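Quick one: the structure is below, questions incoming.
The values are calculated or read from the model by the stated rules, or taken from the named source; none is laboratory data. All values reported here derive from a predicted model rather than from experimental measurement. We place every Cβ from the backbone using ideal geometry, glycine too, and count neighbours over all the protein chains shown. Note: accessible area is taken over every heavy atom of the protein model, side chains too, but ligands, DNA and RNA are not part of it. Shrake-Rupley method; radii C 1.70, N 1.55, O 1.52, S 1.80 Å.
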Amino acid sequence: MILRRPLLWLILALAALFVWLPLRNHDVALREDLILVAVAIILTSNLNLMIGYTGYVNFGHIVFYGLGGYVGLYLATVLNWNLIVAALIAGVTVSVLALLFGLGILRLRGAYFALATIGVLVAVQAFVANFEPWGRSTGMYVSFASYAPLGGARRALWITYYLIIGVMALSLVLSLGIRRSKFGLGLFAIREDEDAAIVLGVNATVYKAIIYSVSAFLPAVAGALMFFKNGMIDPSIAFEYMLSLEGIVMLMLGGQGTVAGSALGGALYERLRSYLLTSPRLSEFHLVIAGALLLLVVRLAPGGLIGWLYRLVPRSREVVE
Amino acid sequence: MTALLEVQGVSKRFGGLQAVGDVSFTLQEGEILGLIGPNGAGKTTLFNLVNGVYKTDTGSIIFSGKNITGRSPDQVVHLGLARTHQIVRPLNGMSVLENVIVGACYGREYQSLRAARATALEVLEQVGMASRANSPAHSLTLAFKKRLEVARALAARPKLLLLDEVLAGLNPTEIAQMIDLIRKIRDSGVSVFMIEHVMQAIMNLSDRILVLNLGHKIAEAPPAEVVKNPDVVEAYLGFPDIVDKLRGAS
Ligand SMILES: Nc1ncnc2c1ncn2[C@@H]1O[C@H](COP(=O)(O)OP(=O)(O)OP(=O)(O)O)[C@@H](O)[C@H]1O
Ligand SMILES: [Mg+2]
């Protein structure tokens, strides 16, 4: 039973902490820091479903986030839909698209699949940059009036923050639920040896397409909320290639395949990244540091921080899994 | 007796090589059918055709009254046809128990995780691996990896089990244990189709034996007749010690 997993309660405690910390002193700066951490955790934990659980490296994971942002923003500001409805529809739309793409590109394995995911990212970005209703390369802005139904811009920012925290908690619970399920076991079998898994009865084609689609849903919802909060979207910020690569660094850093590792890696790396980006001397070097970090982790601790913890304290596995 | 598996005129080519050519045979319910032939005769390829790893170029495969020609391996398992691999393929990052749970979860009965766990423990007991349930699969010796192959396939609760050289690389004690296990599996109602190079074992275990050479069937008969078959002896002529073993076993 998932209710008996200590990790479930840790996840809920983390979400409660995220809600309480900025609320305490109405600290807007802290809220803005934490929302970036939450988004990093959402992206990393969903990416983990592909890389960590299924063994398929998705270099274009950010496409879900950006596309969700576009669909959500279009519905919420151009068509004036309710934000939550817009975000959910963005999630469903992107998931369905991912399912269709997935059935096509998931026939590829290993490096070929990874290349195809880059192709998807480039193709979607090129499409969006030429799509008239979404403002081509200039993108879209959220009109001030769109914040009115949420009680004005100030309140809207707090509301989107809480919604993002909700999506973060859902992402982690989803990861945990899949990990403890029969479906998850099938994914792990595919990761270990896809042909053997098929011979054992796992329908790999369908499983891979489903998990690719599932891993698209919450990032797309988060994209819709975040770009609404930011007030604008354009093709270069929506589909930031570097963020896609950094997601992989986050996952390796924390420990791929584990729920706690994806959260930990996402949170730590995002804090480091924010620090480097705002530091006057180091901001040019943040990708250099990311690359070095990735090399170090792969060489010294292939299981990431969580793998390292398991080796130091084997019993911790009981709590964290 | 009724036929469980009916293979009609199947063939498979790899480029210029006819790996399996126009092979037909029937396997009866409850029987142990042996499959022998020199290296490269096409035995493993025939298994791969039967369980759908390869698509047949020609011919048809009827299992349990259903035409399974062209079905994928995962569909075939659900119908009750499970197999082991000649080159073992453990799911290395998982424990022995988890490996077997996968077999039960996605096998014929498509069991729930909870039921699969019970089945897996039972099967591990049956193959004598209960004490290794929690070992990582990659840490096993070859003999245990072979048993794990058998355990995973058994956990699928198959009607027919295909065993590809499960005795190869085992020492005499381990061979004796495995032979014992295969008998018990058959006695529990599972039919067996097995490839083996250990002649003594296959001659003793099999009700009938199918012989392949260069992709073609050259004999299908009870062990005592197979060893007297001149075509079979000739196929093995390049391997004098096997000819001796064939004679010795009869
Ligand atoms: N996927 C493949 N592609 C090309 N050739 C193959 C393939 N699989 C098998 N072959 C060839 O087909 C022939 C039959 O191979 P197969 O593995 O079926 O033999 P076998 O009877 O199982 O031999 P062994 O006793 O050595 O296991 C061999 O010549 C082999 O090289
Ligand atoms: Mg073989």
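Return the distance in nm (one decimal) between the two label points of a simple spin-label model at A:M242 and A:T278, each offset 7 Å from Cα along Cα→Cβ.
Reported label-point gap for A:M242 and A:T278 is 1.7 nm.
Which values of log₁₀ I(q)/I(0), to two decimal places, follow from the Debye formula for the range A:153-270 at q = 0.11, 0.13, 0.14 Å⁻¹ with a uniform point scatterer at every Cα?
With one equal scatterer per Cα and no solvent, log10 I(q)/I(0) is -0.47, -0.64, -0.73.
Next question. Which whole DSSP H helices in chain B pass both tests: a Cα extent of 15 Å or more along the axis and a mean Kyte-Doolittle value no lower than -1.0?
Span-like helices, by this rule, are B:113-126, B:142-155, B:172-187.
Sequence gap at least 6, Cα distance under 8 Å: using those rules, report the relative contact order of the range B:88-157 to the nearest whole percent.
Across the range B:88-157, relative contact order equals 50 percent.
What are the semi-axes of the equivalent ellipsoid for the range A:2-318, taken as the square roots of 5 times the Cα gyration tensor eigenvalues, largest first, in whole Å?
30, 24, 20
Please quote Rg/Rh for the range B:39-131 to two decimal places, taking the Kirkwood radius as Rh and restricting both calculations to Cα atoms.
Ratio value, two decimals: 1.02.
Evaluated at 10 °C with a viscosity of 1.306 mPa s, what Stokes-Einstein diffusion coefficient in µm²/s does the protein assembly as shown have when Rh comes from the Kirkwood expression over alpha-carbon pairs?
60 µm²/s
May I ask for the Kirkwood hydrodynamic radius of chain B, worked out over all distinct Cα pairs and given in angstroms to one decimal?
It works out to 18.3 Å.
Explain nothing, just the number: relative contact order of chain A, from Cα pairs under 8 Å at least 6 residues apart, as a whole percent.
Reported as a whole number, the value is 32 percent.
Further question on the same structure: Taking each residue of A:199-211 in turn, how many C-beta atoms of other protein chains fall within 10 Å of its C-beta, and what is the average?
Taking the mean over all residues of the peptide, I get 6.
If each of B:T58 and B:D207 carries a label point 7 Å out from its Cα toward its Cβ, how far apart are those two points in nm?
According to this spin-label approximation, the distance is 3.0 nm.
Let's see if you can work this out: charge +1 on each Lys and Arg Cβ, -1 on each Asp and Glu Cβ, no other charges. What is the dipole magnitude of the range B:88-157 about its Cα centre, in debye to the nearest 20?
120 debye
Across the range A:59-70, in residue order, what do the Karplus-derived ³J(HN,Hα) couplings come to in whole Hz, using 6.51 cos²θ - 1.76 cosθ + 1.60 with θ = phi - 60° and x for Gly and Pro?
Result, rounded to whole Hz: 7, x, 4, 5, 4, 5, 5, x, 5, x, x, 5.
How are the Cα pair distances of the range B:88-157 distributed, in percent, across 10 Å bins from 0?
Final binned percentages: 26, 60, 14.
Could I ask something else about it? Could you sort the peptides A:177-189, A:63-75 by per-residue average Cβ neighbour count (10 Å cutoff), highest mean leading?
A:63-75, A:177-189
While we're looking at this one, here's another question. Counting Lys and Arg as +1 and Asp and Glu as -1, what is the net charge of the other residues whose Cβ lies under 11 Å from the Cβ of A:G247?
Cβ neighbours under 11 Å give a net charge of -3.
Taking 56 Å as R0, compute the FRET efficiency from the Cβ-Cβ separation of A:Y112 and B:A224 and round it to 0.05.
Efficiency at R0 = 56 Å is approximately 0.60.
Sort largest first and round to whole Å: the equivalent ellipsoid semi-axes of the range A:73-159, each the square root of five times a Cα gyration tensor eigenvalue.
Taking √(5λ) for each Cα gyration eigenvalue gives 32, 16, 11 Å.
Follow-up. Counting only other residues whose beta carbon sits under 13 Å from that of B:G169, what net charge do I get with K and R as +1, D and E as -1?
Its environment carries a net charge of -2.
How would A:I165, B:I62 rank on accessible area, largest to smallest, probe 1.4 Å?
Order by accessible area, largest first: B:I62, A:I165.
Further question on the same structure: If you take each beta carbon of peptide B:84-91 and count the beta carbons of other chains within 10 angstrom, what is the mean?
Neighbouring Cβ atoms belonging to other protein chains average 3 per residue here.
Next up: Roughly speaking, what % of Cα-Cα pairs in the range A:108-185 are separated by over 19 Å, rounded to a whole number?
Tail fraction, whole percent: 69.
I need the trypsin sites (Lys or Arg not before Pro) found in the range A:84-169, filtered to DSSP loop residues with at most 16 other beta carbons within 10 Å of theirs.
A:R107, A:R109
Still on this model: Rounded to a whole number, what % of the accessible area of chain A do carbon and sulfur atoms account for, probe 1.4 Å?
70 percent
Then there's this: Which whole number gives the average, over all residues in B:100-107, of C-beta atoms from other chains lying within 10 Å of the residue C-beta?
5
Let me ask another. Which number gives the lysine pairs in chain B that have C-alpha atoms under 17 Å apart and are eight or more places apart or on different chains?
11
Taking the Cα-to-Cβ direction at B:K66 and at B:Q200 and moving 7 Å from each Cα, how far apart do the two end points lie in nm?
About 4.1 nm separates the two model spin labels.
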